[in-house]
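First up is the structure itself, then whatever we jot down about it.
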Amino acid sequence: MKLPFETDAGIGTRANLGVVVLETDETLEQEFARMTQEPGVALYHSRIPMVPDIRPETLKQMAADLPASASLFPSSLQFDVIGYGCTSASTVIGPDGVRDAIQSARPEAQVTDPLSAIIAGCKALGASRLGFVTPYLPEVSAQMRTKLEEAGNTISSFGSFEECDDRVVARITPSAILSAVDAVTHDADCDAVVISCTNLRCLDVIPQAEARAGVPVVSSNQALAWHMLRLGGVSDPRPEFGQLFTRTL
C-alpha cells in the first residue's frame, strides 16, 4: 500500500541556524538547545576537529577545517546564520577569517562567532567597561583582551582559571564561575561582565550573577545564540537568559 502524504515548509519557518561545534566541547549544544527553542527556529550542529590542548597554535589549525565542517550542514536548506562555536579560535583566526572560511562552503549564510557576538552584545547593552573572566592560559587571554579593547572597550578587571585542557574546562562548576564573577566585580568599575569560552557552563548562573554584580553578564554561548537569533530576525525577549536577551541589535 502506498500511503498519501503532505509536505510543509519544514522546521525553520522563521530561521535556519547552524553552529560549528568543537570536537572537545561538551557544553554549547546543551545551552543552545534551550536558548534557541523558539517556534519556527531550526538549529543544526556540525563538529570540527580540535585537540584538548587550548593554545594559539592549536586554535589556528581549525581555520583549514572550517569549510569542511560547514559543508556538512543539510544541503537541502538555506541557512540564515551559521555560527562558529569557539571564542579563543575566533580571536586567533579573526572574525573575517572565520566568515570567509564558512562562506566558502555556505555563501548564503550570515556568519558570526563568539568574539563578534560579545562585542555586539556589549554594544547593545551600552556597556564598555568590562569585567573579564576566562579559563585560558595568559597568552590566549591576552589576545582576546586586545580584541575587546580594539573594539572600544576597557577591561576594568580580569581573572582567569588558567586551564589549557578543554576537558577540564567543561568540568569547572557553575558555582566556581559565579565566584569568579564575584571576584572580578569586587570594587571594580565595570558596567558588564564578559565570561569567555563556549565550554564553560554559564547559562544557569547568569541571572544570579547579574543580581549579585548589579550589571549585565555576557557569556560566549549566550552572546552567540543571541547574535544568531537577532541576525536571523528572531527578537523575542527571553529574560531568563540574562539582560542581553531583552535587547535587539
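The values are calculated or read from the model by the stated rules, or taken from the named source; none is laboratory data. Here the structure is a predicted model, which means the values were calculated and not measured. We place every Cβ from the backbone using ideal geometry, glycine too, and count neighbours over all the protein chains shown.
Structure notes:
- Taken together, the residues in region 118-140 that are assigned to a helix (DSSP H, G or I) and either within 23 Å of ALA225 (Cβ to Cβ) or without any contact (Cβ under 8 Å) to a residue 12 or more places away in the chain (or both) amount to 9.
- Filtered by the rule that a residue be over 21 Å from GLY83 (Cα atoms) and in contact with an Asp or Glu (Cβ under 8 Å, 6 or more places away or on another chain), region 210-242 gives ARG212, ALA213, VAL215, PRO216.
- If you go through region 231-247 and keep only what is closer than 15 Å to ARG14 by Cβ and in contact (Cβ under 8 Å) with a residue 40 or more places away in the chain, you end up with LEU231, GLY232, GLY233, VAL234, ASP236, ARG238.
- Residue among ALA176, ALA170 that is at pLDDT 95 or above, more than 19 Å from PRO95 (Cβ to Cβ), surrounded by fewer than 17 Cβ atoms within 10 Å (Cβ to Cβ) and small (Gly, Ala, Ser): ALA176
- In region 185-201, the qualifying residues are those that are closer than 17 Å to SER160 by Cβ and in contact with a Pro (Cβ under 7 Å, 6 or more places away or on another chain), and the one that is surrounded by the fewest Cβ atoms within 10 Å (Cβ to Cβ) is ARG201.
- Taking first residues from region 90-105 that are touching a residue at least 40 places away in the same chain (Cβ under 8 Å) and partners that are hydroxyl-bearing (Ser, Thr, Tyr), the Cβ contacts under 7 Å between residues at least 6 apart in sequence or on separate chains come to ILE102/TYR84.
- Scanning region 106-127 for residues that are touching a strand residue (DSSP E or B) at 6+ places or on another chain (Cβ under 6 Å) and among the polar types (S, T, N, Q) gives GLN110, THR112.
- Number of the condition not met by PRO107 [criteria: (1) assigned to a helix (DSSP H, G or I); (2) in the same structural domain as THR24 (by TED's automatic domain parsing); (3) not aromatic (Phe, Trp, Tyr)]: (1)
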